[in-house]
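Below is one structure, written out as structure tokens, with a few remarks after it.
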Ligand SMILES: Cc1ncc(COP(=O)(O)O)c(C=O)c1O
């Protein structure tokens, strides 16, 4: 048996993994064109961008063109591009009229922005556990969390795998709740052959640097509802109203506008999306099949209704007993030393972050104790109702980034080889 790299042996892999973001002269040209045009911001106030609008009919701002193309690509009528994927969630919730005193159901295992967007509109995030084998919001656990205050459910298509939209949409319909899809990880993902993002009332995507399409930062809201689209566009643009004078403001709004530079890059990135997703899916499928050889390291289940999975994150579940009781952190350190850049993901379930434990939200007790809600939420108590999120964060989850899956099939073998090597050498790690 060869010596583990963490103890000075030679690593399984020294060849670099694909770099991210993928870019070439097309992105350079797209940005150069914007620089030369002198039009650096979204100059056209074209609300919501209708699916059937004739692209050739007008001089389009890159932001408007991108909004239209991304919406079309995701089978949505309207796309409203913004500065980032946190602002998109906030604006979507606000456009739905969610605010003080309202509760929104959010998965316990997600990036903090899913929940903080709810707090930004002065509403209250209520956490529900995820499924043990997909890490997506568990429909079987949603109804017990619904109260007379609940207004919306926010499924997150975690790691790129669509959440169980059959179950979630049925519960939302039964209880008259809005559905806000957090699709920050799921560009191009599909549920039963339909792209995510406009399966519910409104969906949100991020184009932050790690995402499967990126301009460094950026976000977009998708919806099929014209009224919601117009509200979102007004909210991101300081409260202006389409067709009204420029310096006339109708509601509290923000500046969450995307720049022309971002949109120009994203137009090119969109052209790469499907080919990259196909490659990720093929490599992920192959890796999962090979991991069947490794007892104690199980990939998340790929739901057959998730007809496309962007594999923004490939997640394996670690069982220390199968590795002689080796703690996950030590296993991951050894894997990294072998040339596999794995990591353990979120430090805490969202509710266990100091912000939630200390209720360090808005001032003066808002949104919990300042009048409209009038009750308390013990965020630490979600530890009891969210055992899967607890296990995922503290013991089980091991993440691999999407860029690794842009490599070749034989590169996946390096991942398996490194895992088997570390497994065989656990005694050296004690
Ligand atoms: C699940 C999820 N939602 C929302 C966001 C927020 O996106 P952004 O970073 O563009 O604000 C992210 C970003 O990491 C995310 O992972």
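Read the figures in this text as sums done on the coordinates, not as results from a lab. This is a predicted model, so every value here is computed, not measured. Counting neighbours? That spans all protein chains shown, and the Cβs are built from the backbone with ideal geometry, glycine included.
Here are some notes:
- Pairwise label distance in nanometres, residue 144 with residue 170, each label 7 Å out on the Cα-Cβ vector: 1.9
- Between helix 328-337 and the chain: long-axis angle, C-alpha atoms, 0 to 90°, nearest 10: 80
- The slack between residue 132 and residue 369, meaning 0.36 nm per residue of separation minus the straight C-alpha distance, is 82.0 nm.
- Rounded to the nearest 5, the antiparallel percentage of DSSP beta bridges internal to the stretch 25-270 is 50%.
- Between 0 and 90°, nearest 10: helix 260-291 axis offset from the chain longest Cα axis: 30
- Only helices enter this figure: runs of n ≥ 4 DSSP H residues, each worth -39500 (n - 2.57), summed and divided by the residues of the chain, yield -9500 deg cm²/dmol at 222 nm to the nearest 500.
- Computed on the stretch 25-270, with alpha-carbon pairs under 8 angstrom and 6+ residues apart, the relative contact order is 25 percent.
- FRET efficiency for residue 293 and residue 209, using Cβ-Cβ distance with R0 set to 35 Å, rounded to 0.05: 0.55
- On the beta carbon distance between residue 362 and residue 7, with R0 = 56 Å, the FRET formula returns roughly 0.65.
- Burial ranking of peptide ranges 10-16, 423-429, 400-406, 309-315 (average Cβ count within 10 Å, highest at the top): 309-315, 400-406, 423-429, 10-16
- With a Förster radius of 51 Å applied to the C-beta separation of residue 248 and residue 319, the computed FRET efficiency comes to 0.25.
- Mean separation of Cα pairs under 8 Å and 6 or more residues apart, divided by the residue count, gives the chain a relative contact order of 21 percent.
- Within the chain, antiparallel bridges make up roughly 65 percent of the DSSP beta bridges whose residues both belong there.
- The gain in end-to-end length when the residue 420 to residue 192 segment is fully stretched comes to 78.6 nm, 0.36 nm per residue minus the alpha carbon separation.
- On Cα atoms only, tilt of 165-175 relative to the major axis of the chain in degrees: 50
- Beta bridges assigned by DSSP with both partners in the stretch 146-207 are antiparallel in approximately 25 percent of cases.
- The length gained on full extension between residue 271 and residue 43, counted as 0.36 nm times the residue separation minus their Cα-Cα distance, comes to 79.7 nm.
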